[in-house]
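The values are calculated or read from the model by the stated rules, or taken from the named source; none is laboratory data. Note that the structure is predicted; figures quoted are calculated from it, not measured. With ideal geometry, Cβ positions are generated from the backbone for all residues, glycine too; neighbour counts draw on all protein chains shown.
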Amino acid sequence: MEKPPPPVAPTLARVLPVHGIGLSFFHVVVIVLSLVMTLSAWQFSKYQIETRTGARFEAERDRVIGLIETRLHKYEDLLWSSASAVESHDGAITREQWKIFGRNLRIEDKYSGISALGVVHHVSRADLPAFTAERRRERPDLTVRPPHDEPVHLVLTYITPEEGSAKAIGFDLANEANRLDALLASRDSGAARITGPIEVRRDSGPVPGFLFAVPFYDGVVPATVEARRDGIQGFIAASFATRKLMEGLLNRDLRELRFSIADGDETIYDEHSADDPTRDPNPMFRETVSLDLYGRTWTLDMRSNLVFREANTFAQPTFVLIGGLLIEALIVALLLLMARANGRAVAYADEVTAQLKKKTGKLAEANRALSGKNVELEQFAYVTSHDLKTPIRGIGGLTEMVQEDLEDYLSLPDANPDVAANLQRIRDRVHRMNELTGGIMEFSRIGRPHDSEDPVELEGIVDALRSDFALSETQLIVSDPGYALTADTFSFRRVIENLVGNAIKYHDDTGNMVVSVSGTVEGSRMTVTVSDNGPGIDEDYHDRIFEIFQTLRSGDAPESTGIGLAIVKKAVENHGGRIEVASAPGKGATFAFDWPLTTEADASTETSRAA
């Protein structure tokens, strides 16, 4: 009797065949997982590219907005300087004096966006005949026009440059609603104001534009609306053709986006022309931004152009996907061959494994590259703030030069104090900008390692602060837990300095001020509490105060950059801790945060959080 053949040991391919194909369940799992990895790599790469291009668009957007705001602030400074020049003559500047002033300004060379700069006098209806007679001594043919029914007249008396604009002298701006509303708002507020859209006369005809004006009064700026209405003498007004302003401000060839500006329902500037060869009919990014500028709201429609699209293609994710799918096809082919030829199964398996390792290596390389990009993005804020210091220093230097040039005048007993006050205002703004850029640079450096890790104690830090702020032991109290701390002592000092400095800066009664700093230790971390008896903080703002550029400064409080508490929060969280505030109006404030005692404790905390 013939013996039956020995039983064949069952293999996975024989036990779990896929009907009609010959692939095992294990093979299917491999294919699915590999496809998931390919799609995940594609999605991850696509997300990173989208994030990077989005950040690039936002940077370009912010650059354009910053240039517009900076240029308008520059023109505002010019208007206030011109108003100071008029006030220095007690508001009675003559036509010849204005011509000399305008010639020295060199508007055509230095302020190319301005079409004309003029003096507009505020005249009541009853005083108009006497005003006209007085002005005709300088210009016999002066006629105030056109007629209207408003109770006041806003007469354009002087203009520079006169060439090509002399016909506008005598024009009554109260005749047109946009000009009238803006100038009266400037009068009542004592601040600079922009009109709604108007037509600016150019050699080629009327073009969209606006008027930018500041008031000048009989003496210092009155404190109330009624007093400002009684003391108003006139305005310094500059007319702008919007297109000329923007063309002098932004070189279109150096930008990767186009924008339009609308004031209300009227478009005053538009780059979205079909004739533009770089126009992207389907832009990658489009955003609408509202700018509140001197009493008006400008709506900017910002769109990326073809130059931006060419510089930010999504080819890399596509290549990842195509490459991954090709590998998937290769894997399937290999598995089919393995199912049909068990003898070559090991060789094919080795080849697939090699491909997977190669693919994993590419992903690791891509991850390293993306990590480098993230570091570059973190450095972006630091570099931007550093680069801003150059124009800020330029403004400060120019202000000092102007102050030196006016030194003889300012020393006169009858010198207008507003001139010195305005110059000091500019210097104060330059100082504030320096503090702001310094804060941003410090904020961007949070998390970077420092060389110094010498042990520090809480009492030593507070003693130094007491000396720095010239406070007594009853004003700045310390309760030291008796532990030396070595984990990032530089950042720890800065956190304490910021919290104590804020308590002192915003205290409304420094004579009775008491600031208390105490520490307790639990395990490997120290909890520090900084309390004060100051005005306190409303509970609705407890989260907001830790956001960058947020400040709860009242009108008479010292100016703040709004970065200090953001630096504190970022530093604390970078060391695995958290900061909390307990406060109510009139009951002072208490800030509490925890910090690792040693660098090893910090590392273990981060590891446990990651786990």
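Structure values in brief
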item	result
Test for ALA116: is it touching a Ser or Thr at 6+ places or on another chain (Cβ under 6 Å), surrounded by 12 or more Cβ atoms within 10 Å (Cβ to Cβ), modelled with pLDDT of 95 or more and hydrophobic (A, V, I, L, M, F, W, C)	no
Residue match in region 97-118 (condition: closer than 19 Å to ARG187 by Cα, assigned to a strand (DSSP E or B) and assigned by TED's automatic domain parsing to the domain that holds GLU199)	yes
Flag for ALA55 being surrounded by fewer than 20 Cβ atoms within 10 Å (Cβ to Cβ) and assigned to a loop (DSSP other than H, G, I, E, B)	no
Single unsatisfied condition, VAL478 versus (1) touching a helix residue (DSSP H, G or I) at 6+ places or on another chain (Cβ under 7 Å); (2) surrounded by fewer than 19 Cβ atoms within 10 Å (Cβ to Cβ); (3) modelled with pLDDT of 85 or more; (4) outside any helix (DSSP H, G or I)	(2)
Every pair of residues 6+ apart whose Cβ atoms lie under 6 Å, when the first sits in region 463-486 and is of a type in the set (D, E, K, R) while the second is crowded, with 18+ Cβ neighbours inside 10 Å and assigned to a strand (DSSP E or B)	ARG466/LEU476
